[in-house]
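In what follows, a structure is listed as structure tokens, so that the remarks can point back to it.
Taken together, the values in this text are just the output of simple stated rules run on the coordinates, not laboratory data. Just so you know, these numbers come straight off a predicted model, no measurement behind them. With ideal geometry, Cβ positions are generated from the backbone for all residues, glycine too; neighbour counts draw on all protein chains shown.
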Amino acid sequence: MAGGRGTRFEVLEVAGPSMVPTLLHGDRLVVRYGAAVRPGDVVVLRHPFQQDLLVVKRAVERRRGGWWVLGDNPYNQTGDSTDYGTVPEELVLATAVLRFRPRPADQSSLRARLSWAVSALRPLRADASASRRLRAR
């Protein structure tokens with residue numbers, strides 16, 4: 001899906017627990033390539049040491065040499081800047097705009113479907129409080 005002025009949107013699937021509770025394994029993200037990154041944004045980046053691997057993390061703060069990125073899950077603190085340092089700006093590809101949670105197949109009751117419908121679609125905005133909290137880790 002394309003936007004204006006060379007901006008491109010894409011849907012990606014989240015794999016792994018590093019962004020829980022914000023994102024769950026299997027969630028879909030609508031991401032915007034080329035958007036300006038702000039502290040607190042959920043971003044998609046190329047792993048600095050495995051550049052064929054895309055990673056979803058929170059941009060905590062801009063530092064000398066790039067962005068310091070961390071996962072939201074305090075119990076899964078791997079695969080982020082604590083392992084590989086700052087991420088050069090050219091490896092930060094996109095910002096997440098929207099999260100879509102697919103409906104579980106076992107939800108058959110009306111109540112379960114309504115509950116899913118209310119929570120399935122959520123905009124993702126820069127979360128400065130998450131950025132401050134993660135920076136303190």
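Laid out as a table, the results:
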item	result
Total residues in segment 103-128, condition more than 30 Å from residue 37 (Cβ to Cβ) and of a type outside the set (Lys, Arg)	12
Tally, over segment 74-112, of residues that are in a helix (DSSP H, G or I) and in contact (Cβ under 8 Å) with a residue 12 or more places away in the chain	5
Residue ID - surrounded by the most Cβ atoms within 10 Å (Cβ to Cβ), chosen from residues in segment 113-130 that are in a helix (DSSP H, G or I) and not hydrophobic (A, V, I, L, M, F, W, C)	113
Inter-residue pairs, beta-carbon under 7 Å, first under 25 Å from residue 17 (Cβ atoms) and in segment 61-72, second small (Gly, Ala, Ser) and in a strand (DSSP E or B), 6+ apart	67/59; 69/59
Residue ID - farthest from the chain's Cα centre (by Cα), chosen from residues in segment 18-70 that are crowded, with 19+ Cβ neighbours inside 10 Å, assigned to a loop (DSSP other than H, G, I, E, B) and among the charged types (D, E, K, R)	27
Some residue of segment 13-26 being of a type in the set (Asp, Glu), under 24 Å from residue 122 (Cα atoms) and in contact (Cβ under 8 Å) with a residue 40 or more places away in the chain	no
Segment 32-55, residues that are aromatic (Phe, Trp, Tyr) and within 17 Å of residue 7 (Cα to Cα)	33
